[in-house]
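Input: a single structure, listed below in structure tokens.
The values are calculated or read from the model by the stated rules, or taken from the named source; none is laboratory data. Keep in mind that this is a model prediction, so the values were computed, not measured. As a convention, Cβ positions derive from the backbone with ideal geometry for all residues, glycine included, and neighbour counts pool all protein chains shown.
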Protein chains: 2
Amino acid sequence: MDSKKGLEQVKVFAPASVANVSCGFDVLGFALQSPGDEIIARRVESSSKLEIVTVTGANGMLPTSVEKNTAGVAAQMLLDYLECEFGIELEIHKKMPLGSGLGSSAASSVGAVVAVNRLLGSPLEDKELLQFAAEGERVACGTAHLDNVAPSLLGGVVFIRDQESADVFALECPKPLFATVVHPQIEIKTEDTRKILRRDIPLKKAVTQWGNVGGLVAGLLKGDYGLISRSLHDEIIEPVRSVLIPGFDKVKEAAINADVLGSGISGSGPSVFALSSTRGTAVRAGKRMQGAFDKIGLENECYISKVNEQGPQILEEK
Amino acid sequence: MDSKKGLEQVKVFAPASVANVSCGFDVLGFALQSPGDEIIARRVESSSKLEIVTVTGANGMLPTSVEKNTAGVAAQMLLDYLECEFGIELEIHKKMPLGSGLGSSAASSVGAVVAVNRLLGSPLEDKELLQFAAEGERVACGTAHLDNVAPSLLGGVVFIRDQESADVFALECPKPLFATVVHPQIEIKTEDTRKILRRDIPLKKAVTQWGNVGGLVAGLLKGDYGLISRSLHDEIIEPVRSVLIPGFDKVKEAAINADVLGSGISGSGPSVFALSSTRGTAVRAGKRMQGAFDKIGLENECYISKVNEQGPQILEEK
């Protein structure tokens, strides 16, 4: 590597994430250690444009034109902001299912901006990249939601106090947390899952929900498994969205019976997540949750992962 | 004092409290150092009943029959539970305004159960007294709300995750917090302020609110004044209830202009509170808030107090 010239190529892992986390609709999310996407950003002196040259693992479902691809949009906005003068090629290697409720588009956006920023000599800090990655989400779901982008970029459990002003912060939990995510092989579009939500909700349920949000935030910061567990309920979104996930009640019940701290819909589904205090519980819950999907003949895969405190990882650079 | 016989008389101070705390409708409250009520519980061997023998400071507005008085109901429930065999006389010295939004009835209930428990040799812990004090609230407002009772009893800033199961915990803030409360001389009944609330609220506003609840809980636990300040907003209750408080907007504006962390309705009003990071700011805000009430000719009084981490205090025992 010619240090004067800077880096020529950077390969980044960007993690999948679980948004909402039961009571925290639109305000909470956490990152997984796996799965996730791998993004390569490569400097091209002969051009002055951004190009997506390779997409793997998406079965041809993702557009390769920059302005229609979440990673492309995010990277382009960052390049424009940084007034980059040379060309960049992006490779997007999807290593996770699309439309699964695991923040697939967010992982690609995050991977792209982290890789590009690194390639350009890290002019911005991670938190400053949030707005650019969020623009990728706008392409994917119509709004620049942060509940997948923020945890994927920052790692850990992330709280979004206010989306518009990007007021986000990590909820550092002093105790370990293990996630189980089971993905049934059906696709649900985030846009569709938003449409079925009621515009108005009973005040009484809202109070219950913000009681649980406060309980969960305090439980995480205090490392109080009991409080976390008592707070992991969703009175408002889950009852509406879960009807789109065949077998949801049985899968959740299987998780609860395996002594997890709590279980619910991952993002807008169809994946179902559980949080546990030990890896053993997370594994046991995964088997039982898979069993419940198996019973109704729904193909599925299971991911076991500690909550990823680190966020994206530079895998290679040259 | 004959130690075999136990105590003959206990005098307790029980603090006023600010419930709701902007975004935390029905889930948050904090205790003040002053004002508060003084309750005396006295053992009477010649009787086997509970009697309220003195009520001062209430202008004859409070019933003295045990079953209609909040302190009486709370104390009676506790005595029944503990199977007390001797008689007890209660003196209730109100040292704070009634119907002010400062948790007047809660302070009396809390003072009564703390005094009686102490008189009986402290068989129960403070947290165990919560259910009995809450029964007093049921007499006062129709429901056993905990958002004044819990902070008055436990001290500090208290979060009520779930009222029904009395799942409450303290939010210990590592940084000092000072409260300003200005009470205009009008009376609002909690029952009336509940009636005007809408039964349904927009989901979008509910998300904003639980974003702020989570932000406030995290801000308090982290001691992050900036986050506390950004979170002290109420999108749902304040806009509806504040119309019952003449001059509210100007009073709140006066507080904000004095650089408080945030300001809002204390409980269900009519008192208006502000939270500050220094006593100086709390005092300055108080003067300006009083000025705003003065301007519209509304008599008012101001209380400046550090958030009371201790809760009730035994003032005398013999």
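Being among the hydroxyl-bearing types (Ser, Thr, Tyr) and surrounded by fewer than 22 Cβ atoms within 10 Å (Cβ to Cβ) is the filter here, so list the residues in the range A:61-111 that pass it.
Across the range A:61-111, the qualifying residues are A:Thr64, A:Ser65, A:Tyr81.
Please specify each residue of the range A:195-220 satisfying the condition of being in contact (Cβ under 8 Å) with a residue 12 or more places away in the chain, within 11 Å of chain B (Cβ to nearest Cβ) and surrounded by fewer than 20 Cβ atoms within 10 Å (Cβ to Cβ).
A:Leu197, A:Arg198, A:Lys205
Given the criterion out of contact with any Gly (no Cβ under 8 Å at 6 or more places or on another chain) and under 21 Å from B:Pro97 (Cβ atoms), identify the matching residue among B:Gly223, B:Gly264.
B:Gly264
Evaluate the range A:224-231: report whether one residue or more is in contact with a Pro (Cβ under 7 Å, 6 or more places away or on another chain), surrounded by fewer than 22 Cβ atoms within 10 Å (Cβ to Cβ), farther than 20 Å from B:Thr208 by Cβ and within 12 Å of chain B (Cβ to nearest Cβ).
Within the range A:224-231, not a single residue is in contact with a Pro (Cβ under 7 Å, 6 or more places away or on another chain), surrounded by fewer than 22 Cβ atoms within 10 Å (Cβ to Cβ), farther than 20 Å from B:Thr208 by Cβ and within 12 Å of chain B (Cβ to nearest Cβ).
Could you tell me which residue of the range A:19-60 is surrounded by the fewest Cβ atoms within 10 Å (Cβ to Cβ), considering only residues that are among the acidic types (Asp, Glu) and more than 14 Å from chain B (Cβ to nearest Cβ)?
This residue is A:Glu45.
Which condition does B:Gly156 not pass, out of (1) in contact with a Pro (Cβ under 6 Å, 6 or more places away or on another chain); (2) outside the structural domain of B:Phe273 (by TED's automatic domain parsing), if it passes all the others?
(1)
Out of B:Ser165, B:Ser109, B:Ser100, report the one residue that is in the same structural domain as B:Ala58 (by TED's automatic domain parsing), within 23 Å of B:Cys23 (Cα to Cα) and within 16 Å of the chain's Cα centre (by Cα).
B:Ser100
Got a sec? Which of B:Glu137, B:Glu125 is among the acidic types (Asp, Glu), surrounded by 24 or more Cβ atoms within 10 Å (Cβ to Cβ) and more than 14 Å from every other protein chain (Cβ to nearest Cβ)?
Going through B:Glu137, B:Glu125 in turn, just one is among the acidic types (Asp, Glu), surrounded by 24 or more Cβ atoms within 10 Å (Cβ to Cβ) and more than 14 Å from every other protein chain (Cβ to nearest Cβ): B:Glu137.
With respect to B:Arg241, determine if the residue is modelled with pLDDT under 95 and facing another protein chain (nearest Cβ under 8 Å).
Taking the combined requirement at face value, the residue does not satisfy it.
From the list B:Asp162, B:Asp192, exactly one residue is facing another protein chain (nearest Cβ under 7 Å) and in contact with a helix residue (DSSP H, G or I) (Cβ under 9 Å, 6 or more places away or on another chain). Which is it?
B:Asp162
Taking the range B:178-193 as the search range and keeping residues that are more than 16 Å from the chain's Cα centre (by Cα) and surrounded by 15 or more Cβ atoms within 10 Å (Cβ to Cβ), which one is modelled with the highest pLDDT?
B:Pro184
List the number of the failed condition for A:Val243; all other conditions in (1) surrounded by fewer than 20 Cβ atoms within 10 Å (Cβ to Cβ); (2) of a type in the set (A, V, I, L, M, F, W, C); (3) not in a helix (DSSP H, G or I) hold.
Result: A:Val243 passes all but (3).
Could you say whether any residue in the range B:249-261 is within 14 Å of chain A (Cβ to nearest Cβ) and closer than 22 Å to A:Gly214 by Cβ?
Scanning the range B:249-261, I find no residue that is within 14 Å of chain A (Cβ to nearest Cβ) and closer than 22 Å to A:Gly214 by Cβ, so the answer is no.
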